[in-house]
Amino acid sequence: MMAAMGGVIFGYDIGISGGVTSMEPFLKKFFPEVYRKMREDTKISNYCKFDSQLLTSFTSSLYIAGLFASFFASKVTRAFGRKPSILVGGAAFLAGSAFGGAALNIYMLILGRILLGVGVGFTNQAVPLYLSEMAPARYRGAINNGFQFSVGIGALSANLINYGTQKIEGGWGWRISLALAAVPASILTLGALFLPDTPNSLIQRTNDAEKAKLMLQRVRGTEDVEAELDDLIIANTISKTVHNPFAKILQRKYRPQLVMAIAIPFFQQVTGINVIAFYAPILFRTVGLGESASLLSAVMTGAVGTCSTFISMLIVDKLGRRVLFIAGGIQMLVSQILVGGIIAAKLGDHGGMSNGYSYLVLVLIGVYVAGFGWSWGPLGWLVPSEIFPLEIRSAGQSINVVVNFLFTFVVAQTFLTMLCHLKAGIFFFFGGWVFVMTGFVYWFLPETKNVPIEKMDGVWKEHWFWKRVVGHVDEKDLA
């Protein structure tokens, strides 16, 4: 629970930025140009009212900071264990929420976001690894999906808080929204002090097989852990020969893991989900809903996402990863095409849509969020965290987080400009990517359910495509 609190903070930071950037007092104080365009400029297109590089910098600065922080987090996680990374992340979250809540100018505001980004970089590096290494193979999917469920809880909490603080007289409710990130950050930081380290990390850092065995017996609830311990010791022996895991992961025998470490987080971002997460209230205002109704709509889509992720936790270890990826992809693709079609037909540059069509768009976005919630949302973190051998695990997870943050930053920084230029076509743009990624999973991702984490290399050797790659290991790779 304490480890998954990192997910709550991540989700809270995603959800809170979209809400406060649709609040008029916040815009008036920090982004007066956007406020003026929204209130006074009757000639500007509906799709371009919120197009501001400074406004998107507020949202996306968190992710560029997280990108750089995750490189340092990889070294900390490998050298000192998963627990210190979680502690550093919690402390950075606390500092960031303090700067955000107390911000007097745009510089304090963005500094707060950068500190939050450092926190996200460390926790997203360490928490999924921690959960995967502590979980038994048969429950690993459900427990790791708990991280994305926690992200959903955080985002939903942020949407609810934004809806409440927007109604505060005096226009300072946004300060409460930003400062309340300190609550889950405090729980994470204090709780991390009491977290045990994972057996994998204990073996890797201390070579103390007895201590690792006791920890395995404790977390597995059985004395019979010899087979799993032997796998850990063998994996650790291999990992000790690796002095530069980032160079090691480039070798041919790790090609499938490297491809997945890049492709899965890239695809997760070009589903378009963070457009909904960051800018849902702005998007709903674009299609004609008011400020309060837009925030309430964001609450509803947040609730749908959280519920669907909970369903994913229950079924991922029964149905497997591939079924959920493919079914969720089809669901997202259909809903995005319908949303794009309705907005293209019914929303011009000026005026709004009728309430009926606005609420139909809201329902379809809910269908889309549900599809993401039981597929690419949780599985985009689960699959990369369970496929790496111990010797490249921290490097692989670091690449996963860096790619995720890089494209989160790109999407966050460009979306409002893309919305202005592509208009309804933005939904067809993301829908095209969903079509590509669903095909990628069907052809290239093997099933990983119920496979012990230290035996995962076997799934690539049996796959129709990857066995041609890993089946030909050259002598240099064996060195």
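Structural remarks
- Pairwise FRET efficiency - I330 versus S292, Cβ, R0 = 45 Å, nearest 0.05: 0.85
- The stretch 213-265 versus the stretch 348-409: alpha-carbon centroid distance in Å: 27 Å
- In terms of distances greater than 24 angstrom between alpha carbons, the cross-link table entries K240/K455; K248/K318; K28/K167; K83/K449 yield K248/K318; K83/K449.
- Net charge, I234 excluded, C-beta distance under 12 Å - Lys, Arg +1, Asp, Glu -1: -4
- Linear extension gain, L314 paired with K455, 0.36 nm per residue minus alpha-carbon span: 48.4 nm
- Fully extended contour minus Cα-Cα distance, from S57 to K75, at 0.36 nm per residue: 3.7 nm
- Carbon/sulfur fraction of accessible area - the stretch 31-124, other protein chains in place, 1.4 Å, %: 70 percent
- At R0 = 51 Å, FRET efficiency that the Cβ-Cβ distance of I233 and F435 yields, to 0.05: 0.70
- Residue-normalised accessible area of the chain, expressed per residue, 1.4 Å probe, Å²: 38 Å²
- Loop sites here are GluC sites (Glu not before Pro) outside DSSP states H, G, I, E and B with no more than 14 other Cβ atoms within 10 Å. The longest part of the chain free of them is 224-446.
- Rough spin-label spacing in nm, given labels placed 7 Å along Cα→Cβ, for T222 and K240: 2.8 nm
- Between F444 and F465, the modelled label-to-label distance comes to 0.5 nm, taking each label 7 Å out from Cα in the direction of the beta carbon.
- In this structure, R255 and Y35 have a Cβ-Cβ separation that, at R0 = 41 Å, corresponds to a calculated FRET efficiency of about 0.25.
- Three-way shape call for the stretch 214-279 based on the alpha-carbon gyration tensor, with the a/c threshold at 1.5: oblate
- When the alpha-carbon atoms of the stretch 390-436 are used, the pair Rg, Dmax equals 14.9, 46 angstrom.
- Rg over Rh, two decimals, the chain (C-alpha only, Kirkwood Rh): 0.99
- Surface listing: C48, C307 arranged by accessible area from highest to lowest gives C307, C48, probe 1.4 Å.
- Of the DSSP H helices in the chain, those that are both long (alpha-carbon extent of 24 Å or more along the helix axis) and hydrophobic (Kyte-Doolittle mean at least 1.0) are 106-134, 291-319, 321-346, 355-373, 393-422, 425-444.
- Cysteines of the chain lacking any other cysteine Cβ under 4.7 Å from their own Cβ: C307.
The values are calculated or read from the model by the stated rules, or taken from the named source; none is laboratory data. Note that this is a predicted model, so its numbers are computed, not measured. No Cβ is skipped: glycine too gets one built from the backbone with ideal geometry, and neighbour counts run over all protein chains shown. For the accessible areas, the whole protein counts, side chains as well, though only heavy atoms, and no ligand, DNA or RNA atoms are used. Shrake-Rupley method; radii C 1.70, N 1.55, O 1.52, S 1.80 Å.
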